[in-house]
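A quick write-up on the structure given underneath.
The values are calculated or read from the model by the stated rules, or taken from the named source; none is laboratory data. All values derive from a computational prediction rather than experimental measurement. Because the Cβ atoms are built from the backbone with ideal geometry, glycine has one as well, and the counts that use them run over all protein chains shown. Heavy atoms of the whole protein, side chains included, go into the accessibility calculation; ligands, DNA and RNA do not. Shrake-Rupley method; radii C 1.70, N 1.55, O 1.52, S 1.80 Å.
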Amino acid sequence: MANLFEQPRFIAVEGPIRAGKSTLAQRLAETLRARRIVEPEDNPFLDRFYQGQPGMAFATQMWFLTRRYEQFREVGDFSFPVVSDYLFEKDKIFAYVNLSDAELDLYNRYYQMFRSEIPTPELVIYLQASPDVLKQRLKRKGVPGERAISEKYLEQVAAAYEHFFFHYSASDLLVVNTNEIDFVHNNRDLQALLKRL
């Protein structure tokens, strides 16, 4: 955990899809002149997973787990400021939502191995949003692959995040409810949060 009044060197921004993570992480990295770890977006299994194709949940999850591990390993030195678009533990949130018990058992073997080599952030900013707000933002963004995301799945993911962060204690945590604020489309909201940080 960061010392009182000392700027954290490693910050992770987290929250469900379309909560505003990437926008906030980018602006934080610019403001702090920090290196940024960007959420991987080129998962070759993701579209087929959203379409409900059999076997794609495990393939999608393992691809994300290994790619996120590689990204953190590529940074190497965390003594300089780093801002990440995600918390490494995020992967496990989705694994518990998407995988069968047998798949989860295999996944957890790799997760534990990788997690032991990843540093823990000094500050996590959790961008909270209701499923209704997330649905509106998904429609507004209009990313082709995301159109297949069901309302039920979005509700499961939002609930899983709430559960995870209710119990989270590994580092300092700042919860920001984004139901009434929008970092992407309202610069005043973004500036107000940056000022508080």
Per residue convex hull volume, Cα atoms of region 22-69, in Å³: 73 Å³
With every atom except the alpha carbons ignored, what do you get for Rg and Dmax of region 145-195, in angstroms? 14.3, 37
Once each part is reduced to its C-alpha centroid, what is the distance from region 34-106 to region 119-139 in angstrom? 16 Å
Positive end of the charge dipole of the chain (Lys, Arg +1 and Asp, Glu -1 on Cβ, about the Cα centre): tell me which of Pro81, Ser130, Thr23 has its Cα farthest that way. Thr23
Any helix of the chain counts here only if DSSP assigns it H throughout, its Cα atoms span 24 Å or more along the axis, and its mean Kyte-Doolittle hydropathy is at least -0.5, and such helices are 56-75, 151-167
For Glu155 and Glu70, extending 7 Å from Cα along the Cα-Cβ vector and measuring point to point gives, in nm, a value of 3.7 nm
Once the Cα gyration tensor of region 44-114 is diagonalised, semi-axes √(5λ) in Å: 25, 14, 10
Charge dipole (debye, nearest 20) of region 55-114; +1 at Cβ of Lys and Arg, -1 at Cβ of Asp and Glu: 20 debye
Please state the charge dipole magnitude for region 9-60, taken about the Cα centre, from unit charges on C-beta atoms (+1 on K and R, -1 on D and E), reported in debye and rounded to the nearest 20. 300 debye
Under a 1.4 Å probe, what is the accessible area of region 19-71 per residue, stated in Å²? 51 Å²
Of all the accessible heavy-atom surface of the chain, with the other protein chains kept in place and a 1.4 Å probe, what percent is carbon and sulfur? 51 percent
Rounded if a/c under 1.5, otherwise prolate or oblate - region 99-142, Cα gyration tensor axes: oblate
Surpassing 26 Å at the alpha-carbon level, of the pairs Lys92/Lys152; Lys92/Lys195; Lys152/Lys195; Lys21/Lys152, are Lys92/Lys195; Lys152/Lys195
Surrounding net charge for Asp189, when Lys and Arg each add one and Asp and Glu each subtract one, Cβ distance under 10 Å: -1
Region 1-143: relative contact order from alpha carbon pairs under 8 Å, six or more residues apart, as a whole percent, is 43 percent
Please list, in order, the residues from region 175-197 whose amide nitrogen is less than 13 Å from a point placed 7 Å along the Cα→Cβ vector of Ser130. 178-181
Run lengths n ≥ 4 of DSSP H only: what is the helix-derived mean residue ellipticity at 222 nm for the chain, with -39500 (n - 2.57) per run over all residues, to the nearest 500? -15500 deg cm²/dmol
Rounded to the nearest 10 Å², the accessible area of Asp182 at probe 1.4 Å: 30 Å²
Ranking Ser150, Tyr69, Phe94 by how far each Cα lies towards the positive end of the charge dipole of the chain (+1 on Lys and Arg Cβ, -1 on Asp and Glu Cβ), the top one is Ser150
Hull surface over four for the Cα convex hull of region 1-90, reported in nm², is 6.6 nm²
Computed over the Cα atoms, what is the radius of gyration of the chain divided by 2.2 N^0.38 Å, N being its residue count? 1.01
